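Nothing in this text is a laboratory measurement; each read-out follows from the coordinates by a stated rule. Because the structure is a prediction, the values reported are computed rather than measured. Counting neighbours? That spans all protein chains shown, and the Cβs are built from the backbone with ideal geometry, glycine included.
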Amino acid sequence: MTSQIWGGRFSGGPSDIMESINASIDFDKRLAEQDIRGSRAHCSMLVAQGILSKDDGEAIINGLFKIEKEIRDGNFSFKRSLEDIHMNIEGRLSDLIGEPAGRLHTARSRNDQVATDFRLWVRAAIDALDEQLLGLQSSLIDKAEAHADTIMPGFTHLQAAQPVTFGHHLLAYVEMIGRDRGRFKDARTRLNESPLGAGALAGTSFPLDRARTAKDLDFDRPMANSLDAVSDRDFALEFLSCASILSVHLSRLAEELVIWASAQFGFVSFTDAFSTGSSMMPQKRNPDAAELLRGKVGRIIGAMNGLLIVVKGLPLSYSKDMQEDKEPVFDAFDTLELCLAAATGMIVDISVNKERMRNAAGAGYTTATDLADWLVREQEVTFRDSHHIAGQVVKLAEDKGCELEELSPEELSEIDERLTADVLAVVTVDASVNSRTSYGGTAPDNVRSQISAARARFLVKDGT
Ligand code: ARG
């Protein structure tokens, strides 16, 4: 059977293979709600412009409401033979209301239709992710508050570097996620223009009111160029690149959780809710959720790369290759939704072994910088010289197998007479973190004020 929608010059139907490669309904049915919304806006505009009669318009709108309900209730039968969501809905409209259904597509093409639907979908996806990102920030901030003065080693090169507070460490992720939200918000602003009314590629001879449909669909304005409107997918690429950067952040957090939960570190542990066992080794408690969070980034970056490659060589305007735009975006969204739930769940779930963190914070002479800074501040030694002196102190402590604060005043003054007993008070981990009060620094009081600032800034809709 030839297609009712485009079969005028065809006498035979497509082969099964053609139907299989062509059909997108299995995945683009996720655009149903947006497609119906777009059709309603288009139909009302056609009536307002006198292009469609009021009666036909009413029949179409009522039919679309019925279809919307059928889909919501799971009573709609999606047909592969009808190729995609647009033709499935139009086909059903025709079953329901007959002839007027055929007038809905006046001055419209599936090319502007699908571009409109997809923009609406990505926009809603961004809004949903923003809510989840806010939730993750909120859990990170709560955890940071509980650990504003929990001391842990801060690392560079994964070598213990200087003591920091765990609250401060968690707030670093709150900042990263804040920028992720900002990136999605920027992408949303750019995508929020309406392709509807661009027609197949060249616009239309009908007296459309594109500003009206744009407004009806909460777009800021109609897209200015019909060729651009139907053929670019940069909004989907932007979504995927924001998603990729976000997933890299989540992956780094996940990697830290894996390290911290290891027996060797023992900084955090997960309850049974976020651990799995081993089928062979009874003692194991594995952080699988964190590992999967780290691993899922591959799919998301893969989705971005995949779509970049699809779009790369396409001449303007629409080509069917573009039908390949949706699955990567859907998959990246679903993956992120799950990853954000897992990340939030794990942050709430972890319990912190403060003692182990604190002991590790002092190991490896992490307060040597404090000693060097003290010489600069109190004895007016240049930093380059103080660095050298502090190095000698570390060497002595290492040789003796003791902590810096366990060295005697005599041993210190032997290295350099300017090293008086007062310096012993600044080389404890507490003194070290308490002294880091520069803006953005790790001192517990700073962390507490950063927490209230972060709450005010981020824990609101669109907070960035
Ligand atoms: N299912 C198609 C897509 O996703 C809709 C647009 C089809 N347009 C066309 N001229 N064949 O891209």
Taking Cα centroids, how far is region 241-289 from region 117-188 in Å?
17
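Extension gain V376-T271, at 0.36 nm per residue separation less the Cα-Cα distance, in nm? Let's see the in-between values first.
Values: separation 105, 0.36 × 105 = 37.80 nm, distance 4.65 nm.
Using 0.36 nm per residue and subtracting the Cα-Cα distance, I get 33.2 nm.
Relative contact order, percent, of the chain when contacts are C-alpha pairs under 8 Å separated by at least 6 residues?
Numbers: 660 pairs, mean separation 81.4, N = 464.
RCO, the chain: 18 percent.
Report the extension gain between T437 and V460 in nm, rounded to one decimal, defined as 0.36 nm multiplied by the number of residues separating them, less their alpha carbon distance. Let's see the in-between values first.
Numbers: separation 23, 0.36 × 23 = 8.28 nm, distance 2.74 nm.
Length gained between T437 and V460: 5.5 nm.
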I'd like the chymotrypsin sites (Phe, Trp or Tyr not before Pro) in region 378-458 restricted to DSSP loop residues with at most 12 other Cβ atoms within 10 Å, sorted by number.
Y439
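Before anything else, pin down the relative contact order of region 83-234: Cα pairs under 8 Å, at least 6 apart, normalised by residue count, whole percent.
Working: 167 pairs, mean separation 39.1, N = 152.
Relative contact order, region 83-234: 26 percent.
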In vacuo Debye scattering of the chain, one point per C-alpha: log10 I(q)/I(0) at q = 0.07, 0.13 Å⁻¹?
-0.53, -1.14
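What 222 nm value per residue comes from the helices of the chain, counting each DSSP H run with n ≥ 4 as -39,500 (n - 2.57) and dividing by all residues, nearest 500 deg cm²/dmol?
On the way: 18 runs with 281 residues, N = 464.
Here the helix-only value at 222 nm equals -20000 deg cm²/dmol.
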Point-to-point label distance, K54-A363, nm (Cα→Cβ direction, 7 Å offset):
8.2
Efficiency of FRET between E355 and E99 - r from beta-carbon atoms, R0 56 angstrom, step 0.05
0.10
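Once the Cβ-Cβ distance between S11 and F206 is put in as r, and R0 is 41 Å, what FRET efficiency do you end up with, to the nearest 0.05?
On the way: r = 30 Å, r/R0 = 0.74.
For S11 and F206, the calculated efficiency is 0.85.
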What does the charge add up to near L208, with Lys and Arg as +1, Asp and Glu as -1, over the other residues with Cβ less than 15 Å from its Cβ?
+3
Take the alpha carbon atoms of region 204-223, find their center, do the same for region 1-77, and report the distance between the two centers in whole angstrom.
20
Write out the trypsin sites (Lys or Arg not before Pro) in region 395-464 meeting two conditions: DSSP loop, and at most 16 other Cβ atoms within 10 Å of their Cβ.
K461
Dipole of region 41-186, Cα-centred, from +1 at each Lys and Arg C-beta and -1 at each Asp and Glu C-beta, to the nearest 20 debye?
260
What is the fewest-to-most order of I126, I60 by other Cβ atoms lying within 10 Å of their Cβ?
I126, I60
First measure r as the distance between the Cβ atoms of D422 and F27, then evaluate 1/(1 + (r/R0)^6) with R0 = 45 Å and state the FRET efficiency to the nearest 0.05.
0.05
Label-point separation in nm, A341 to S262, each point 7 Å along Cα→Cβ
3.0
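Gain in length, K215 to T106, computed as 0.36 nm per residue apart minus the alpha-carbon separation, to one decimal in nm?
Details: separation 109, 0.36 × 109 = 39.24 nm, distance 1.97 nm.
Result for the pair: 37.3 nm of gain on full extension.
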Please rank S231, S413, S44, S77, fewest neighbouring Cβ atoms within 10 Å first, as an exposure proxy.
S77, S413, S44, S231
Listing S386, S11, S408 by rising number of other beta-carbon atoms within 10 angstrom, fewest first, gives S11, S408, S386
Taking the Cα-to-Cβ direction at N286 and at H388 and moving 7 Å from each Cα, how far apart do the two end points lie in nm?
5.3
